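Following: one structure in structure tokens, then a few remarks.
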Amino acid sequence: MRILREKTETERYFKQQTNNLFTYLPILTDMSKVIKLKKGLDIKLVGEAEKSVIELPIGERYAISPLTFEGVVPKLLVTEGDKVLAGDALFYDKAHPEVMFTSPVSGTVSAVRRGAKRKLLAIEVAADAQQNYKPFKTNLAEATREEVVATLLESGLWATIIQRPYGIIADSKDTPKAIFVSGFDTAPLAPDMNIALKDDLQAVQAGFEALKKLCSNVHLSLKAGEKSILEAIEGVEKHYFAGAHPAGNVGVQIHHIDPVNKGEKVWTVGIQNVAIIGRLFTEGKVNMVKTYAVTGSQVAHPQYVRCLVGSSLCDVLMPARIKPQGGGSTFRLIEGNVLSGVKATANDYVGIYSSQVTVIPEGGELELIGWLAPRFHKLSVSRTYFSWLRPKKTYDLRTVLNGGVRPCVVTGLYEKYLPMDIYPMYLFKAIMAGDIEKMENLGIYEIVEEDVALCEFVDPSKQELQALVRDGINLMIKEM
Amino acid sequence: MKQNYNKPLPKRLLEKFAPTFSEGGKLSWLHSFYEAMETFFYVPTDVTKKGAHVRDCNDMKRTMFMVIIALIPTILFGMWNIGFQRIDGADFNIWQNFWYGFWQLLPSIIVTYVVGLSIECAFAQIRKEEVNEGFFVSGMLIPLIIPIGTPLWMTALATAFAVIIGKEIFGGTGMNIFNPALIARLFIFFSYTSSISGEAVWFSDARTGATALGELANTGTTSVSMLDAFIGTIPGSVGETSTLCILLGGALLLFTGVASWRTMVSVFVGGLVMGGIFNLIAPAEPQTATELYMTLPAWQHLLLGGFAFGAVFMATDPVTSAQTNCGKLIVGFMIGVLAVLVRVFNTGYPEGMMLAIVFMNALAPVVDHYVVQANVSRRNRRAKKSINA
């Protein structure tokens, strides 16, 4: 059956290719370059965003949360009542004082939210009606690498550059082996970049020019067999990937293009953040506008919302609306996708790394002897359920764990959902044992949380594998 | 406590007794048992806390339960065969045979489950974990692979030994090195050899005591017809006789993906290859029983004794088998080879399958180590190439 499915996938792929034959010739010429991934899974959910974009006006309040940035220890630069311009620094990283985190809007710092032990949660800025921007130089063509780095650091956009290994903000003193950008997202209900970036093509091109100043070796991955507006981007090395999620994960793409070895560093930037960097160098201002896909079964009108980074989730959800919840049922708000997104509340703010908001029903229904019942309507990759009979069905998944946490018993399953030459179970066990050398040998440098999200999804032992990988990475950072 | 009558009865009962079993309650020392009952009746409604917000519906219970379903044809046939193999069994009708076998097997199933699950609950309580479902399967396998005439106290002792020494001292489900069900059989095999060996081992009042493998070990030939061996109307442990029923269960395990096809297929291939080699090197005019045994057509090895049962239900245990795909092929193949090798050359142990699986259980981590090491070397080579480039 497995072989059959693969065959149909290939057939579908070639069918798409032939459909594109006349409409899009460049794909044909790049056929030989297509990297086909056989492993993975597309989780089909209810609540895909309609192909319409709503632009939000300037809202009341914006905020940047230091928690968005992995491993950053924030040092505040502003206090409540301070006036800031869009692009003015709000805080910096204690370990890397050159890395600034800036305000997306001009206005007044209205609140510094803190949690337990005075942990900095968010810096809120009440936006001015008329936006004023801190000016930045736009002479990208003549700028040296040092000038580009300095501008990015000062503008707060350096934080968009993520380093592999470890998935943390890049060190501005490094020169990476290469920079990788994924031009598509395969996560459940992920935004279609053709819609999200439809007005940003020039900005994206400018952003790539800026990235090329940092490292001449810039890679852009696109989905094979699909017409992408990013085809028009010039000056980067393009790669084509075919296959299910996580084919769109930049980590998986790096593994197949030019894997990260011990001692090497590569950088990654989200495609929408490339556009923000581009705008910095063409408009001379920090204009953190992004298109978020508002998706999920609990959203009344799933659609795209274009707004500034730091907008409150309340504002972002306003046009799409959450369905009325009846009978004591609740929903879960996720910043990002259902696999690797962050649990949020309506009082939180959309961050710079995400490009999606998902709302799904919270909790489960009472089911008598569920392990015995056929449960025809349930989704599982295992044929102990019946979802294999209806491969095209979309599901309204809830947030239940669907079982108790158990030790690793089933083998050979994780491997099917991680399209890399890595033995995930051995890597996980090395992390559990805290064995640095084994983790290094087994490929910890090549993965971040999102790459193992599918393993976590399918795991019948219900273990928290993404958190485990982050623990392992943090241990590596501490010990190396 | 106000009861909510909108809820179904089991839920109401569970809620009623929840305080008794939770910390501070009178029966808090039985908390793991209560929890097991709770998850037995209702799918846990726990929500995801970290990581992926939605999860696949498959869990350990479902996976283990699928093995039980796969065992059903074997169990039902085995029950009938117990009656059929009785001295006067041939005169019984099909239901009389079945009922006779049913009442023979049931006590042993009950004893295994009660003893095994009590120990599991106790360990879960000590470790403050939930009770694992692994014993669901082990507890069903044990009565199927030990002789039907085994006294119940011996079954209880073997089960306790298997659970404590075979599994829990290694750290419980997922950590054990040897297949617990096989440990139970090994325990009886080595500790009470006298009471279960000899010709009339399988049934106290059996029509014919000798199993095909016993005959083969002694004489090098067997009177059992291969059709009977395939269908299963021959003497032997309850679960092992009917290759047909085992293959039905095997088909379900392979289709649902619960068992690895790599292990299962490679065990059969290994048996065929070793049997085939014996066929080739056997002398033209065999003198001894062993030489005669070597001429047994390779495919017949797969039908006799516990070969098929071992290949489908024992070798495929994900915990004790190899954990890498490549390792599964190697370990499975070696199990098949060793099983036939032991059968033919070591007449003291007519059933080579049990020893072959246990031996390869011990070697599986080594095989895996080298498979994983190949991956590590690939990664290191890649790193070197990258530095030189």
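The values are calculated or read from the model by the stated rules, or taken from the named source; none is laboratory data. Predicted, not measured: the structure shown is a model, and the values here were computed from it. Please note: Cβ atoms are built from the backbone with ideal geometry, for glycine as well, and neighbour counts cover all protein chains shown.
Of note:
- Filter pass, A:Asp185 being within 30 Å of A:Ala453 (Cβ to Cβ) and at pLDDT below 95: no
- Selection of first residues in the stretch A:444-455 that are assigned to a helix (DSSP H, G or I) and of second residues that are of a type in the set (Lys, Arg), restricted to Cβ pairs under 6 Å at least 6 apart or on distinct chains, gives the following pairs, ordered by first then second residue: A:Glu449/A:Arg470.
- Of the criteria (1) under 22 Å from A:Val84 (Cβ atoms); (2) part of a helix (DSSP H, G or I), which one A:Lys117 fails: (1)
- Matching residues, the stretch A:345-376, being within 21 Å of A:Leu41 (Cβ to Cβ) and facing chain B (nearest Cβ under 9 Å): A:Thr358, A:Ile360, A:Arg375
- Test for A:Lys285: is it basic (Lys, Arg), surrounded by fewer than 24 Cβ atoms within 10 Å (Cβ to Cβ), within 26 Å of A:Asp451 (Cβ to Cβ) and in contact with a strand residue (DSSP E or B) (Cβ under 6 Å, 6 or more places away or on another chain): no
- Boolean, B:Phe178 is at pLDDT 90 or above and within 19 Å of the chain's Cα centre (by Cα): yes
- Looking across A:Thr394, A:Thr399, one residue alone is more than 12 Å from every other protein chain (Cβ to nearest Cβ) and hydroxyl-bearing (Ser, Thr, Tyr). It is A:Thr394.
- Inclusion of A:His239 among residues that are part of a helix (DSSP H, G or I) and more than 22 Å from A:Val289 (Cβ to Cβ) is not warranted.
- Of the criteria (1) of a type in the set (Gly, Ala, Ser); (2) part of a helix (DSSP H, G or I); (3) more than 14 Å from chain A (Cβ to nearest Cβ), which one B:Ala70 fails: (3)
- Unmet criterion (only one of (1) more than 30 Å from A:Phe457 (Cα to Cα); (2) of a type in the set (S, T, N, Q); (3) touching a helix residue (DSSP H, G or I) at 6+ places or on another chain (Cβ under 6 Å)) for A:Asn194: (1)
- Scanning the stretch A:66-76 for residues that are surrounded by fewer than 17 Cβ atoms within 10 Å (Cβ to Cβ) and of a type in the set (A, V, I, L, M, F, W, C) gives A:Leu67, A:Val73, A:Leu76.
Yes or no, residue by residue, for (1) of a type outside the set (Gly, Ala, Ser); (2) modelled with pLDDT of 95 or more; (3) farther than 29 Å from A:Gly336 by Cβ:
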{"residue": "A:Glu9", "(1), (2), (3)": "yes, no, no"}
{"residue": "A:Asn19", "(1), (2), (3)": "yes, no, yes"}
{"residue": "A:Met31", "(1), (2), (3)": "yes, no, yes"}
{"residue": "A:Ala63", "(1), (2), (3)": "no, yes, no"}
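This table checks each residue for (1) within 17 Å of the chain's Cα centre (by Cα); (2) assigned to a loop (DSSP other than H, G, I, E, B); (3) surrounded by fewer than 16 Cβ atoms within 10 Å (Cβ to Cβ); (4) of a type in the set (Val, Ile, Thr).
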site: A:Ala320; (1), (2), (3), (4): no, yes, no, no
site: A:Val338; (1), (2), (3), (4): yes, yes, no, yes
site: A:Val357; (1), (2), (3), (4): yes, no, no, yes
site: A:Arg375; (1), (2), (3), (4): no, yes, no, no
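- Being assigned to a loop (DSSP other than H, G, I, E, B), within 12 Å of chain B (Cβ to nearest Cβ) and either among the aromatic types (Phe, Trp, Tyr) or buried (at least 22 other Cβ atoms within 10 Å of the Cβ) (or both) is a description that applies to A:Leu379.
- Unmet criterion (only one of (1) modelled with pLDDT of 80 or more; (2) over 33 Å from the mean Cα position of the chain (by Cα)) for B:Ile68: (2)
- The residues listed here are A:Ala150, A:Ala89, A:Ala63, A:Ala127; of these, the one that is without any contact (Cβ under 8 Å) to a residue 24 or more places away in the chain and buried (at least 16 other Cβ atoms within 10 Å of the Cβ) is A:Ala150.
- Subset of the stretch A:247-297 (residues that are basic (Lys, Arg), assigned to a loop (DSSP other than H, G, I, E, B) and within 30 Å of A:Ala86 (Cα to Cα)): A:Lys285
Per-residue answers, yes or no, for (1) closer than 21 Å to A:Ile254 by Cβ; (2) of a type outside the set (Phe, Trp, Tyr); (3) at the interface with chain B (Cβ under 9 Å from one of its Cβ atoms):
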residue	(1), (2), (3)
A:Ile431	yes, yes, no
A:Met439	yes, yes, no
A:Asp459	no, yes, yes
A:Lys478	no, yes, no
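- Residues within the stretch A:428-443 that are in contact (Cβ under 8 Å) with a residue 40 or more places away in the chain and in a loop (DSSP other than H, G, I, E, B), tallied: 1
- The C-beta contact set for the stretch B:36-63 (first residue at the interface with chain A (Cβ under 7 Å from one of its Cβ atoms) and among the polar types (S, T, N, Q), second residue in a helix (DSSP H, G or I) and surrounded by 24 or more Cβ atoms within 10 Å (Cβ to Cβ), distance under 7 angstrom, 6+ apart or interchain) is empty.
- Test: B:Met140 is more than 14 Å from chain A (Cβ to nearest Cβ), closer than 30 Å to B:Gly174 by Cβ and assigned to a helix (DSSP H, G or I): yes
- Only helices (runs of 4 or more DSSP H) whose full extent lies in the stretch B:211-289 are considered here, and the ones with at least 3 residues that are under 19 Å from the mean Cα position of the chain (by Cα) and crowded, with 24+ Cβ neighbours inside 10 Å are B:243-256, B:261-281.
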